[in-house]
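Student: Got a structure here, written out as structure tokens. Questions coming.
The values are calculated or read from the model by the stated rules, or taken from the named source; none is laboratory data. Being a predicted model, the structure only gives us computed values, none of them experimental. Backbone-built Cβ (ideal geometry, glycine too); neighbour counts: all protein chains shown. Remember, those area values only see protein heavy atoms, side chains included, never the ligands or the DNA or RNA. Shrake-Rupley method; radii C 1.70, N 1.55, O 1.52, S 1.80 Å.
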There are 2 protein chains.
Amino acid sequence: MGGRFPIAIHILTLLSKAGDDLLSSDYIAGSININPALVRKEISNLRNRGLIISKEGKSGGYRLGKLPGQVTLADVYLAVKTQPVLGAAKNTPNPACPVGKQINKNIDKLYANLDKTLLEKLTTISIEDFSNQFD
Amino acid sequence: MGGRFPIAIHILTLLSKAGDDLLSSDYIAGSININPALVRKEISNLRNRGLIISKEGKSGGYRLGKLPGQVTLADVYLAVKTQPVLGAAKNTPNPACPVGKQINKNIDKLYANLDKTLLEKLTTISIEDFSNQFD
DNA sequence: CTTTACTGTAATATTTAGTATTACAGATGG
DNA sequence: CCATCTGTAATACTAAATATTACAGTAAAG
């Protein structure tokens, strides 16, 4: 899954604490300690989901697109997810084998099931909840 | 997470269906369509967990180490897990920032929480359950 | 007791995905 | 019109996953 989920959480936590103030990608990158362009790229993705609002030009920057209590970790998960949580095999199972022939379908079913469980949990936690853990 | 979880499930499903018969790494690799050495490597790991028993020498091979109903997907998950399901960031957050300073601890707490949720679910599904889905 | 068919494991190469960097056009406020 | 910011693409770099090869060790079978 890479590190995009924790990065996204970090970004949103900073914005949550900043309230209506706009934060720059440079500032955010300084807290996370990664490249500003990467911050902007991830924010571009989160913005497409309505989680962040951006303002261009001088004195531009970023703020949350919703109230911190209205942004759930499920939103974040869905925004950054590219692969199934338990991993995608890159093999092509043997279709001549009864197990090989059906395993992908059954793995998919399992993964949908697990995703549902995970999302139910993630929906109960907001960015506000998460950022309240900080001093 | 890579593809180790689905590969492990595939292996265990084949063994579950084979009952007391021993399957060779070549046969298993043929169903999954990956290299036999990789199969042996993953099985080596699963064997350390008691999920598989192996027999060396001519007419050697593999069979389940427990009844199919006694091997849960939680066992498999714990056997193959190397990274947190929602990903580990590889940055070092800025300790001079209040958020950066505490985020790793809070992410860890969150992950422990999510892992618990996931494991509870995975514990309810056995390899027998999974392999019964096949014709 | 030698041949054959397996496992166990390490060393190495290859591929792929993730991350980092650079660059620059576009927007906006001063 | 200059300074400071975002948006985005192109490219390079790094690290992790996977594949391949090789071979020693083990056990069955003749």
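Student: How many Cβ atoms of partner chains, on average, are near each residue of A:51-63 if near means within 10 Å of its Cβ?
Tutor: 0
Student: Select from B:Gln102, B:Gln70, B:Gln83 the residue whose mean-square fluctuation is largest in a Gaussian network model of chain B (Cα-Cα springs shorter than 10 Å).
Tutor: Comparing B:Gln102, B:Gln70, B:Gln83 in the GNM, the peak value goes to B:Gln102.
Student: Quick one: with label points 7 Å out along Cα→Cβ, list the inter-copy distances for A:Gly69 in nm, shortest first?
Tutor: 4.9
Student: Averaged over peptide A:70-81, how many Cβ atoms belonging to another chain are found within 10 Å of each residue's Cβ?
Tutor: Values: counts 0, 0, 0, 3, 0, 0, 1, 2, 0, 0, 2, 2.
Counting other chains' Cβ atoms within 10 Å and averaging over A:70-81 gives 1.
Student: Which pairs break 29 Å Cα to Cα here: B:Lys58/B:Lys121; A:Lys109/B:Lys17; B:Lys101/B:Lys121; A:Lys90/A:Lys116; B:Lys41/B:Lys121?
Tutor: Violating the 29 Å limit, Cα to Cα: B:Lys58/B:Lys121; B:Lys101/B:Lys121.
Student: On to the next question. Once the convex hull of the C-alpha atoms of chain B is built, how many Å³ does it hold per residue, rounded to a whole number? It would help to have the intermediate numbers written out before the result.
Tutor: Working: hull volume 16.3 nm³, N = 135.
Value for chain B: 121 Å³ per residue.
Student: Run the quick spin-label model on B:Asn94 and B:Leu22: label points 7 Å from Cα toward the beta carbon, then report their separation in nm to one decimal.
Tutor: 6.1
Student: Since chains B and A are linked by a rotation, which residue in B has the beta carbon closest to its axis, and how far is it in Å?
Tutor: B:Val85, 2
Student: What does the C-alpha gyration tensor say about the overall shape of region A:1-57? Classify as rounded when a/c is under 1.5, otherwise prolate if a/b is larger than b/c, or oblate.
Tutor: The shape class here is rounded.
Student: Let me confirm one metric for peptide B:93-103, namely the mean number of other chain beta-carbon atoms within 10 Å of its residues' beta-carbons.
Tutor: 6
Student: Counting alpha carbon pairs within less than 8 Å and at least 6 residues apart, what relative contact order, in whole percent, applies to region A:4-131?
Tutor: With pairs under 8 Å counted, the relative contact order is 31 percent.
Student: A:Asn104 label points, 7 Å along Cα→Cβ, one per copy: pairwise distances from this copy to the rest in nm, shortest first?
Tutor: Values, ascending and in nm: 4.0.
Student: Related question: Pop out the carbon and sulfur fraction of the accessible area of the protein assembly as shown as a percent, whole number, probe 1.4 Å.
Tutor: The computed percentage sits at 49.
Student: Shifting gears a bit: Chain pair A, B: how much accessible area is buried, both chains summed, with a 1.4 Å probe, in Å² to 100?
Tutor: When A and B are taken together, about 4100 Å² of accessible area is lost.
Student: As an exercise, take the mean of 1/r over every pair of distinct alpha carbons in region A:60-125, invert it, and state the Kirkwood radius in angstroms.
Tutor: 14.5
Student: Rounded to two decimals, what ratio of Rg to Rh does the protein assembly as shown give with C-alpha atoms and a Kirkwood Rh?
Tutor: 1.08
Student: Please give me the summed charge of the neighbours of A:Arg47: other residues whose Cβ is under 14 Å from its Cβ, Lys and Arg +1, Asp and Glu -1. Present the calculation step by step, with values, prior to reporting the outcome.
Tutor: Values: positive: A:Arg40, A:Lys41, A:Arg49, A:Lys55, A:Arg63, A:Lys66; negative: A:Glu42, A:Glu56, A:Asp75.
Charge balance near A:Arg47 sits at +3.
Student: Related question: Per residue, how many Å² of accessible area does the protein assembly as shown show with a 1.4 Å probe? Show your work: numbers first, answer last.
Tutor: Values: 13310 Å² over 270 residues.
For the protein assembly as shown, the solvent-accessible area averages 49 Å² per residue.
Student: Measure out, as a whole number of angstrom, how far apart the alpha-carbon centroids of region B:82-116 and region B:1-44 sit.
Tutor: Region B:82-116 and region B:1-44 have Cα centres separated by 33 Å.
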